[in-house]
Structure formats: C-alpha cells, structure tokens
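Trainee: Pasting a structure here, questions to come.
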Amino acid sequence: MISKAPTPDDRAPVITIDGPSGSGKGTISRRLAGTLGWHYLDSGALYRLLACAALRDGIALDDASGLAALAERINGDFGVSPSGTECVWLDEEDVTARLRTEECGNAASKLATLPEVRAALLAWQRRHRRTPGLVADGRDMGTVVFPDALLKIFLTASPEERARRRYNQLKDNGNKVILDEILEDTRARDLRDRTRKTAPLEPAKDAFMLDNGGQEVAETLAIILQRLQTIG
Ligand code: C5P
C-alpha cells in the first residue's frame, strides 16, 4: 500500500491497545496519544480502506491474491481536514464517512481472515512507529505487529455494551441502524476475529487486561496512564 507515512523509528516506544469491536479502543487510543503527544495508528481503518477499495473494484472478499495485489497498488492516506477532523483518502477520494459504515466494517472483518492480506498490510503498519512514540489500536498490535511494545493493553466489555456503543456511534453519524442487528454483527465479527487462523484476536501473554464496561473514558485513561508510570 502506498502512503505518505514518513520514515519509521524502530526504537520509538509503542503502546498497543487491542480488543474486540466496540471495546472503546479508538476513543481511548486517540485520547491517550493526544495526552502523551504521541502518534496514533488506527489499524482497523487500514483493513476498512482495503475493504472499501475491494468493494469499489468488485474484488471478492475471499480472493486472497487479488486482495494482496490490491493492497500493493492502492494509494491510501490518513490526515486531518482544515477543520481539524480526521480524514482518510483512497486514491485521492475522501472515504472517511464510507469507511465507518457497517458494510465496510463487515467486509474488512472478512478479508482480515486471509493471511495474504495480513502479510500485505504488516509493513505499512510498522512504518507508523515514529518518535516520540506510537499508540497502536487493533486486534493483533501486541501479538504480531509490535510484539516488543512497551505496554500492551487488552480492552474488553460485554457484547451487549459494545453493540450499544456502536449503535449510538452509527446513529450519531446519521446512519439508520437497528440495535438487534448491530448485536448480531458484533457477535459474528467477534467469532470471526477470534477463530481465524492468522493473528486471531487474543490478548498477548504480557497484556494488561482491562474491562472498561461501565467506566467513563477518563477513568479508563487514568488506569492506563497509571500503569505506564509503573513501568516508565
Ligand atoms: O477496528 P475496526 O472495527 O475498524 O476494524 C475492522 C475490522 O478489521 C475488524 O472487524 C477486524 O476483523 C479487522 N482488523 C483486524 N486486525 C486489526 C484491525 C482490524 O483483523 N489489527
């Protein structure tokens, strides 16, 4: 995948935040990166970007070699709009809103089961490691992409709570959604992520397990910062 990510620094510290869909990884990771003044990698957006390109080009979501070739050829870029919001471009087209749809999320979860796809996206993810540090959010950040991370967090919450969060998020973004369908999707995605052969969703052996069900974002963040202090 072609991107404008600058030269990486293999010595820069990394904090990985892994967990299932709707566990709050995105919100917590962004806030943590902002607090520390570190870079942020939303690895799910990368899988969604590839899914979006596959849907656009009519490439089947189980066509491993076609998808790996697509990953090499597409031009993806992540940045910030003049108004300060996060933006994602695919071959110069702004796909920020499309990436967050359930269609793209489900397609991403399907192609993410293919080892060829995961291998094609690995180097791209590692290129985001830059000084002063990186907060990397995903499913396999601590187990596969950055196994030498300084701190590994595995965030969880019940499927019902995660589905409710996704439902509110999608509704706030103007999508028409049904809670029961989101819960069903959440369970199906969990199962696919946990049972795939390559890089399944599982905590790293040295991960700090954090159930943030019923917690405010600030509370979760404080726990992570405290943990960081004990090792820093
Ligand atoms: O986190 P997000 O919902 O944006 O990710 C979309 C899909 O991409 C997930 O359901 C998951 O299957 C896949 N993914 C992955 N590994 C990652 C990040 C995302 O398999 N590191």
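The values are calculated or read from the model by the stated rules, or taken from the named source; none is laboratory data. Since we're looking at a predicted model, the values are computed, not measured. When we count neighbours, we look across all protein chains shown, and the Cβ atoms used for this are built from the backbone with ideal geometry, even at glycine. Quick note on the areas: whole protein, heavy atoms, side chains included, nothing else; ligands and nucleic acids left out. Shrake-Rupley method; radii C 1.70, N 1.55, O 1.52, S 1.80 Å.
Trainee: Pull up region 169-207, narrow it to residues that are over 18 Å from A157 (Cα atoms), basic (K, R) and in contact (Cβ under 8 Å) with a residue 24 or more places away in the chain, then point me to the one that is surrounded by the fewest Cβ atoms within 10 Å (Cβ to Cβ).
Mentor: K197
Trainee: If you take the residues in region 140-164 that are surrounded by 17 or more Cβ atoms within 10 Å (Cβ to Cβ) and among the hydroxyl-bearing types (S, T, Y), which one is farthest from L41 (Cα to Cα)?
Mentor: T156
Trainee: Right, next: Sort out which residues of region 62-84 are open to solvent by 80 Å² or more (accessible area, probe 1.4 Å) and within 19 Å of the chain's Cα centre (by Cα), and write them in order of number.
Mentor: Once the filter is applied, which keeps residues that are open to solvent by 80 Å² or more (accessible area, probe 1.4 Å) and within 19 Å of the chain's Cα centre (by Cα), region 62-84 yields only V80.
Trainee: Next up: Assess whether R30 counts as being on the phi < 0 side of the Ramachandran plot, within 13 Å of the ligand (Cβ to nearest atom) and either in a strand (DSSP E or B) or basic (K, R) (or both).
Mentor: yes
Trainee: Is there any pair linking a residue in region 16-27 that is free of Cβ contacts under 8 Å to residues at least 40 places away in the same chain and more than 18 Å from E184 (Cα to Cα) to one that is of a type in the set (A, V, I, L, M, F, W, C) and assigned to a strand (DSSP E or B), with Cβ under 7 Å and at least six apart or on different chains, and which?
Mentor: Pairs found: none.
Trainee: Please find, among A112, A119, the residue that is aliphatic (A, V, I, L, M), surrounded by fewer than 24 Cβ atoms within 10 Å (Cβ to Cβ) and either near the ligand (Cβ under 10 Å from one of its atoms) or over 13 Å from the mean Cα position of the chain (by Cα) (or both).
Mentor: Among A112, A119, only A119 is aliphatic (A, V, I, L, M), surrounded by fewer than 24 Cβ atoms within 10 Å (Cβ to Cβ) and either near the ligand (Cβ under 10 Å from one of its atoms) or over 13 Å from the mean Cα position of the chain (by Cα) (or both).
Trainee: Looking at this structure, is T131 among the hydroxyl-bearing types (S, T, Y), part of a loop (DSSP other than H, G, I, E, B), within 25 Å of G22 (Cβ to Cβ) and over 14 Å from the mean Cα position of the chain (by Cα)?
Mentor: So T131 does not fit the description; no.
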